[in-house]
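These notes concern the structure reproduced below.
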Amino acid sequence: MSLLNIDRVTKRFGGLIAVDNFSARIDEGTITGLIGPNGAGKTTVFNLLTGIYPVDEGDIFLGNQAITNQAPHRIATAGVARTFQNIRLFKELSVLDNVRIGAHSRGRAGIFGAIFRNRAARREEATIHAKAIQLLQEAGLAEYSSELAGNLSYGLQRKLEIVRALAGEPRLLILDEPAAGMNPRETEELMAFVRRLHDRGLTILLIEHDMKLVMSLCQRVIVMDHGQKIAEGPPEEIRTNRAVVEAYLGKGA
Ligand SMILES: Nc1ncnc2c1ncn2[C@@H]1O[C@H](COP(=O)(O)OP(=O)(O)OP(=O)(O)O)[C@@H](O)[C@H]1O
Ligand SMILES: [Mg+2]
C-alpha cells in the first residue's frame, strides 16, 4: 500500500523547471532515499509536499486524501512532518519547549483554548507535556530537557529537530539531509535512531548526500537530476545504474 503518491508534479521558478513531471509512490512502513546532484530539485519536492510552494501541475495524495496545494498546517495535520536542510530550532527556548511546539501542530484546543486556558486546553497541555518527555526519553535527549536548544551540540540539535517533527505524530516523516555536517559517530547514532523509528512502522522519506547512509538505511532509492526522476529501485541496483553514475560524475564517466 502506498502512503504517499506524487503524481506528475511540475514546479517552475520563472524560466527554470525545478521539478519536471515528477512521479513517485512511497510505500507504507518503508525508508526511501531521494538523492541527486546539487540543484536536482529534491528540496523543492519536499517544499511541494509540505505546502510551502504550490505546484504548477500534478497532484499529491497522502493515503487517499489529496493534499495538493493545501496550507502547510493542514498538511501537517494530515500527517506529514519534516525537518529542514538548515537547522530550524527555537534556539532560545528549552529542548522540551521545542518538542511541545511540535506537538501543537496537531492540537485540538485551538487558539481560544490557548488564550483562555480552559479545561480542555489544560488537559491537552498536560498530555502534550507527557508525550514530549516520553519522546525525549526515547531519543536519549531527556537529560537535556531544560537546556536551551541552542546549547546542544550540532548532532543533538539535528536529532532534536526530528523529535520535534515526531511530536506531531506524523504518518510520514521527511528529512532533508539529516546527516549533513555530522561527524561519523553522530551519523551512526542518527542511523540507529532512524532505524528504530522504522521498526515502529513509521514511513520515512529522506534526502541525503551521504551514500553510505542511503545505501544501508533505505529499501528504495529515487534519483533526481534536473527536476526529473532518472532512476528508482533498491540501493544495490542504483549504485551501479549508468544514468545515475553519469548524473553524478558527468557523461563518459
Ligand atoms: N524559491 C526559489 N526560487 C527560485 N529558484 C529556486 C527556488 N527554490 C529552488 N530553486 C531552484 O530550483 C532548483 C532546485 O533546487 P533544490 O533546492 O530543490 O535542489 P536540491 O536538489 O535540494 O539541491 P541541494 O542538494 O543542493 O540541496 C535549483 O536550480 C534552485 O536554484
Ligand atoms: Mg536541497
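Please treat every number below as a calculation from the coordinates, not as lab data. Just so you know, these numbers come straight off a predicted model, no measurement behind them. Using ideal geometry, Cβ is built from the backbone for each residue, glycine included, and neighbour counts are taken over all protein chains shown.
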Per residue of segment 19-24, what does 6.51 cos²θ - 1.76 cosθ + 1.60 with θ = phi - 60° give for ³J(HN,Hα)? Whole Hz please, x for Gly and Pro, Karplus curve as stated. 10, 10, 6, 8, 10, 7
Using a Förster distance of 41 angstrom, determine the FRET efficiency expected from the C-beta separation of PHE13 and ALA192, and round it to 0.05. 0.65
Taking the beta-carbon count within 10 Å as an exposure proxy, list ILE207, ILE222 from fewest neighbours to most. ILE207, ILE222
Starting from 0.36 nm per residue, how many nanometres of slack lie between ALA120 and ILE133 once their C-alpha separation is accounted for? 2.7 nm
Going by amide H atoms built from the backbone, whose H comes under 5 Å of the H on VAL221, apart from near neighbours? GLY33, GLY233
Counted neighbours (other Cβ, 10 Å), sorted fewest up, put HIS104, HIS198 in the order HIS104, HIS198
Listing THR240, THR50 by rising number of other beta-carbon atoms within 10 angstrom, fewest first, gives THR240, THR50
Volume per residue of the C-alpha convex hull in the chain, rounded to whole Å³: 135 Å³
How much length, in nm to one decimal, is gained on full extension between TYR154 and ALA142, taken as 0.36 nm per residue of separation minus their Cα-Cα distance? 2.7 nm
